[in-house]
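The values are calculated or read from the model by the stated rules, or taken from the named source; none is laboratory data. In this text the structure is predicted, and so the values were computed from the model without any measurement. FYI the Cβ positions are ideal-geometry reconstructions off the backbone, even for glycines, and counts take in every protein chain you see.
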Amino acid sequence: MKVELDDNFALDIDDRKLDDYELVEALTDIDKGMVSRLTDAVNILLGDSKPELFEHIREKKGYVSTEEIKNALLQIIGGLKNGKKS
């Protein structure tokens, strides 16, 4: 599914990822303060799209910002949820 971020950058993300229990575990751990699980969540959710998003953020910020990655993940998850509803 094509998911568009707030800055109009679009990624193809497998919408089945929302049903991936390992993603749920990683996101739960992040919510509990285990920031190191962010890498797991990124790898699970983005898969082959990871380099594309990283390059996009690098072009915007000059480096791959953790805050930008977290914001992108939230937007992607929101986009997948909204897409499933339609």
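Here are some residues: 80, 23. Which one is at pLDDT 90 or above and in contact with a helix residue (DSSP H, G or I) (Cβ under 6 Å, 6 or more places away or on another chain)?
23
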Within the range 37-50, is there a residue that is in contact (Cβ under 8 Å) with a residue 24 or more places away in the chain and surrounded by fewer than 14 Cβ atoms within 10 Å (Cβ to Cβ)? yes
Determine, yes or no, whether residue 10 is surrounded by fewer than 17 Cβ atoms within 10 Å (Cβ to Cβ), aliphatic (A, V, I, L, M) and closer than 18 Å to residue 83 by Cβ. yes
Residue list for the range 13-31, restricted to those being surrounded by fewer than 17 Cβ atoms within 10 Å (Cβ to Cβ) and touching a residue at least 40 places away in the same chain (Cβ under 8 Å): 15, 18
Helices (runs of 4 or more DSSP H) completely within the range 23-86 that count 3 or more residues being within 17 Å of residue 6 (Cβ to Cβ): 50-61, 66-85
